[in-house]
Amino acid sequence: MDYPFRDLEARARKRWDEERLFELRDPMAPARRFYCLNMFPYPSGDLHVGHGRNYILGDAIARLKMMQGYAVLAPMGWDAFGLPAENAAIANRIHPSVWTKRNVARMKDQLQAWGAAFDWNRELSSCDPEYYRWTQWIFLKLHERGLAYRAKGAVNWCPSCQTVLANEQVVDGACERCGTPVESRDLEQWYFKITAYAEPLLRDLDHLQHWPEKVRLMQANWIGRSEGATIRFPVPGDADPIEVFTTRPDTLLGATFLALAAEHPFVTGLRERGALSAGAEAFVDRLKRARVENRFAVETEKEGFDTGVTVTHPLTGKPLPVWIANYVLMGYGTGAIMAVPGHDQRDFEFATKHGLPIVEVIRPEGEPGFDGAAAYEGEGRLVNSGGFDGLPSEAGRRAITEALHAKGAGESRVNYRLRDWLISRQRYWGAPIPMIRCDRCGIVPVPEKDLPVLLPDQVEFKPTGESPLLSNEEFLRVDCPKCGAAARRETDTMDTFVDSSWYFLRFLNPRLETAPFESDAVNRWLPVNQYIGGVEHAILHLLYSRFIVKVLRDLGLVSFPEPFERLFTQGMITKDGAKMSKSKGNVVPPDALIQRYGADTVRLYTLFIGPPEKDAEWNDRGVEGAYRFLTKYWRLITDVAALQSDRGGADAAGPWAESGPARDLRRRVHQLTHQICDDMDRFHLNTAVSGLMQIVNAVQDYQAAGGDMNAAEVWEAADYATRLLGPLAPHTAEGAWARLGHAESVVKAPWPAPSAEALESPTKKLVVQVNGKLRSEITVPADADQDAIRKAALSDERVARMVEGKTVAKVIIVPGRLVNVVAR
RNA sequence: GCGAGAGUGGCGGAACUGGCAGACGCGCGGGACUUAGGAUCCCGUGGGGAAACUCGUGGGGGUUCGACUCCCCCCUCUCGCACCA
């Protein structure tokens, strides 16, 4: 074997280990810091090459920063609570903690097989009591601030996972995890009041300049800010009016009915009082069911049912009928709308179908407005609006809102699509919510000194979906911390996204026993300089983490408003055109490839496969290309090291040839170095790999052309290539660096920089175009002036031929690039 | 429907602010060395053409000396949101 990757890997790992090169000893000491973080994984068992992309990228950046002289924090941990462990417990009678530990061990082996430079001393696991103790502590802090509360309401229920889900975990009406259609249930649950931070979460997106535009946009849409007004419509004989939210108060005089969601409390109230007709009741039930079944329907027919109740128009005093409609969602605004069929297409379709009146109240200037065939949704001047007639929409909105305000019937309002974060789960394998229910005192927080509320080992796993915690009497029974009476523990556990919303703070001191994190160290190292993970977390994890950090900031525990300075979302690796999954059978495991070609080959190919932010198709054949390159590179290093053994690790410093092949080689190496450094800084690791290949090819071409392999330029090429390869193929580079006579690890070698002197050239090659088409090429002295270049171009044989019989209108010279001769 | 992104050889992909289209790699063709090669090395490789040359970055128009890149219209695909009041 001419490229001894097994030996290289073993030696490099041993060295990194012995010299503890990736351990950050004293976080407060270094001046230049770089916190490079990969999203910590859920320990599901096996990793495939798609996961590898994430870690290889992060590792390349971490190692680059080390070589650039930064103290690097690159920790790793486990997002270890979650449903799969519990499902395994039910299916295979294995305890979730055992299952999780086994998977962690397996995945840690895999990560190490890739050669990732993690500081394993800082490893943490969210299912460890020493960790979740602080997750519970954070819950208590939120509770103290009124940001954690219990409420009853319609929630998303997954009948398969037998638990509730946050809005963010419902995708296309189905459970994000298992794909089962989600049901709506009325339950009392714990929420985090993320809506209280809607405005800062939205506004601060502007400061996240180093986040992908796409992710910022997704978050902005998810928060969904819109300006408008709330309007109350009094219900005769009822104390509470029906409140609606609208972005178009200017159309208020065109409202001809109200439409309510089936789940609206007013509807429920009518039903409880028996004031709803049998037909209406049946309709409500049908809607609730249909919402589940028709989850993929793009446009459903507008259906509705008249409640028989009327409300009073707050400005005209006229009665308006109240309908239940399938197109009104309980989850947005107030769950009730004022319907303006003249100016809202949905209302129009509904009114047309059910014979409700349609009134035009907005008329545009100079273009056709409401024509009776469809709603006019644009702006214009108010008509049929009494005293408001003639006002433009904008002024109309203000005037009508003011009129409502004067009557106490409404006010302007900013509405968000964002809902509060439902965090309780009726499952076992999560952090217990640190609350106690006392018959006398109500719901009482567990005192901080009693944390953690330990998850008991002895529980029964039943496939019924009942929380296993209910089966452990010892866990349940507790004395009320307030009155001392016998009380009961909360049996719900927290959504695992709570665990992962603060773990990046814990890494600075993962064993700290007195607090979740050390504020000093955290303030010094955060925000995370580079965060790397999949775009699938664009909303959930990243929004929750931003929220928790903002709360911690308001608590005075951290000094920064945002957790992640730069975010990079890497693309998926597909196989046979599809996302890798066990069920599709298209998973590419890294183990056999690493066995056969070595970790560096797999790393290099993974980086080379395409721009890291884009999806890419895995091709086993492509791996061989990377292997061939490393073989060539290794041969070059061993040849050069043998030939020039007397250099003994000396910094390449010439003497340099002033001209000829060696000079050209040196210029080329420095050009490529320039390109590679640039690429690395911009995350273009695919072209960085390509640049390295070109350096090796350049030396090979030089040799093939009879160049002297003893030249200092060749030594320099080997030296530069090795350092540039350090972050990408670290084991091979480590071995090569030693071969080149260096005593220190390549991790400690300075990152190379091209020298201006080496890039200089006495002549310049210019491309010559005639009328914009490439025709020839000239070589001129580097200091040639415009006139000389012009002369050289025009006297070129081919150019002369093309121009023959025409007049040269002008000659455009782009310095250092090209000449374009315009001839007519 | 709304929003965002992307369409370049047989394939993955290059081309930073308009300036040599197809870097680099895979595959393929030819050759060398070999008992042998799925190892290694060398040469070639967008289409058409013997060549001069010509056509080529989803399609159509435009701006420009010059357009993969900028502008307008259209087509296709991917992703996100989706009756958001």
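The values are calculated or read from the model by the stated rules, or taken from the named source; none is laboratory data. As the structure is a computational prediction, the values presented were derived from the model and not from experiment. No Cβ is skipped: glycine too gets one built from the backbone with ideal geometry, and neighbour counts run over all protein chains shown. What goes into the accessible areas is simple: the full protein's heavy atoms, side chains included, and nothing from ligands, DNA or RNA. Shrake-Rupley method; radii C 1.70, N 1.55, O 1.52, S 1.80 Å.
Side notes on the structure shown:
- Label separation (A:Asp576 vs A:Asp479): 6.3 nm, computed from points 7 Å beyond Cα along the C-beta direction.
- Per-pair calculated FRET efficiency, R0 = 35 Å: A:Thr180 and A:Arg488 via Cβ, rounded to 0.05: 0.70
- Acute angle (nearest 10 degrees) that the helix A:599-608 long axis makes with the longest principal axis of chain A, alpha-carbon atoms: 70 degrees
- Subtracting the Cα-Cα distance of A:Ala800 and A:Asp615 from 0.36 nm times their residue separation leaves 61.7 nm of extension gain.
- Scoring A:758-766, A:281-289, A:129-137 by mean Cβ neighbours within 10 Å over their residues and listing the highest first yields A:129-137, A:281-289, A:758-766.
- Farthest toward positive dipole pole in the range A:619-759 [+1 Lys/Arg, -1 Asp/Glu at C-beta], among A:Ala711, A:Val689, A:Thr673: A:Val689
- Take each peptide in A:528-540, A:772-784, count the other Cβ atoms within 10 Å of every residue, and average; sorted highest first, the result is A:528-540, A:772-784.
- Average projection area in nm² (convex hull over Cα atoms of chain A, one quarter of hull surface): 47.0 nm²
- Residue-wise HN-Hα couplings along the range A:716-733, as the Karplus relation 6.51 cos²θ - 1.76 cosθ + 1.60 with θ = phi - 60° gives them from phi, are 5, 4, 5, 4, 5, 4, 5, 5, 5, 7, x, x, 9, 10, x, 5, 5, 5 Hz; Gly and Pro carry x.
- Computed over protein heavy atoms with a 1.4 Å probe, the carbon and sulfur contribution to the accessible area of the range A:298-404 reaches 53%.
- Quarter of the Cα convex hull surface for the range A:619-759, i.e. its orientation-mean projected area (nm²): 8.3 nm²
- Label separation (A:Glu658 vs A:Arg273): 10.4 nm, computed from points 7 Å beyond Cα along the C-beta direction.
- Among A:83-92, A:637-646, A:663-672, sorting by the average number of other beta carbon atoms lying within 10 angstrom of each residue, highest first, gives A:663-672, A:83-92, A:637-646.
- Linear extension gain, A:Glu367 paired with A:Glu301, 0.36 nm per residue minus alpha-carbon span: 20.8 nm
- Apportionment of accessible area to carbon and sulfur, the range A:619-759, percent (1.4 Å): 48 percent
- Helical mean residue ellipticity (222 nm; -39500 (n - 2.57) per DSSP H run of 4+; nearest 500) of chain A: -11500 deg cm²/dmol
- Per residue, the solvent-accessible area of chain A (1.4 Å probe, heavy atoms of protein chains only, all protein chains present) comes to 44 Å².
- Label positions at A:Glu23 and A:Thr247, each projected 7 Å from the Cα along the C-beta direction, are separated by 5.7 nm.
- Accessible surface of the range A:763-823 [probe 1.4 Å, protein heavy atoms]: carbon and sulfur percent: 48 percent
- Using alpha-carbon coordinates, inclination of helix A:278-293 to the longest axis of chain A, degrees: 10 degrees
- Antiparallel bridge percentage (DSSP; both residues within chain A; nearest 5): 75 percent
- Structural descriptor for chain A: relative contact order 14 percent, calculated from alpha carbon pairs under 8 angstrom and at least 6 residues apart.
- R0 of 35 Å, Cβ-Cβ distance A:Lys407-A:Asp285: FRET efficiency to nearest 0.05: 0.40
- Stretching A:Glu213 away from A:Met709 to a fully extended chain increases their span by 173.7 nm, per 0.36 nm per residue minus the current alpha-carbon distance.
- Mean sequence separation of contacting Cα pairs (under 8 Å, at least six apart), scaled by the length of the range A:311-453, corresponds to a relative contact order of 13 percent.
- Here A:Asp783 and A:Arg682 are evaluated by their C-beta separation; at R0 = 30 Å the FRET efficiency comes out at 0.40.
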